[in-house]
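> This is the structure I have questions about; it appears just below.
Every number here is computed from the coordinates shown, using simple stated rules; none is lab data. Note that the coordinates shown come from a computational prediction; the quantities given were computed from them, not determined experimentally. A quick note on method: Cβ atoms are made from the backbone with ideal geometry, for glycine too, and the neighbour counts reach across all protein chains shown.
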């Protein structure tokens, strides 16, 4: 994949760091949840750790944005299908949001490069490089922080309350 914004070497190191982060998040969540009934973070970190570990086997010279898109969508579907194992907590919301952002950015890059045949650099490429890596780091961090530091839960609850008021009118 010669048109990657970040060089394959740097991508390899960032990917390894994110994989290591999800593995540490799983181990931390496992140790932290001993003798606690809520295992949401253990299951989520396990799914994320397994999902991101598959990227070890990808060849950065032949992988496309569509491959990343399918991987993120598959992970989203697995998490949504296993939703009965956990509550709608902060970690779940941040993981779903991060994967949705990544999927959207992968799709936009695929569309821009392969469908529109755009080869000239523009702001979307910077947004992709920053957005995907930021979303990955935030998804790793939420397992350790477990606080609504971006106020996504507050935003979601406010949006739900607004929609209920509109529907009831």
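> Which residues, counting only those in the stretch 142-154, are in a helix (DSSP H, G or I) and more than 21 Å from residue 104 (Cα to Cα)?
Within the stretch 142-154, 143, 144, 145, 154 qualify.
> Within the stretch 103-111, is even one residue in a loop (DSSP other than H, G, I, E, B), in contact with a helix residue (DSSP H, G or I) (Cβ under 8 Å, 6 or more places away or on another chain) and surrounded by 11 or more Cβ atoms within 10 Å (Cβ to Cβ)? Walk me through how you get there before you give the answer.
We begin by selecting, within the stretch 103-111, every residue in a loop (DSSP other than H, G, I, E, B); these are none.
No, the stretch 103-111 has no match at all.
> Step by step: first the residues of the stretch 112-128, then only those that are in contact with a helix residue (DSSP H, G or I) (Cβ under 9 Å, 6 or more places away or on another chain) and assigned to a loop (DSSP other than H, G, I, E, B), then the one that is surrounded by the most Cβ atoms within 10 Å (Cβ to Cβ). Which residue is that?
By that ranking, first place goes to 118.
> Please find, within the stretch 48-82, the residue that is surrounded by the most Cβ atoms within 10 Å (Cβ to Cβ) out of those that are out of contact with any helix residue (DSSP H, G or I) (no Cβ under 8 Å at 6 or more places or on another chain) and part of a helix (DSSP H, G or I).
67
> Have a look at 98, 131 and point out the one that is in contact with a helix residue (DSSP H, G or I) (Cβ under 7 Å, 6 or more places away or on another chain), surrounded by 15 or more Cβ atoms within 10 Å (Cβ to Cβ) and over 28 Å from residue 32 (Cα atoms).
Values: 98 fails: over 28 Å from residue 32 (Cα atoms).
Answer to the selection: 131.
> Any idea which residue in the stretch 25-39 is farthest from residue 69 (Cα to Cα), counting only those that are touching a residue at least 12 places away in the same chain (Cβ under 8 Å) and surrounded by fewer than 19 Cβ atoms within 10 Å (Cβ to Cβ)?
38
> Does residue 45 satisfy being within 17 Å of residue 139 (Cα to Cα) and buried (at least 16 other Cβ atoms within 10 Å of the Cβ)?
Values: within 17 Å of residue 139 (Cα to Cα): yes; buried (at least 16 other Cβ atoms within 10 Å of the Cβ): yes.
Here the answer is yes, as residue 45 does meet what is asked.
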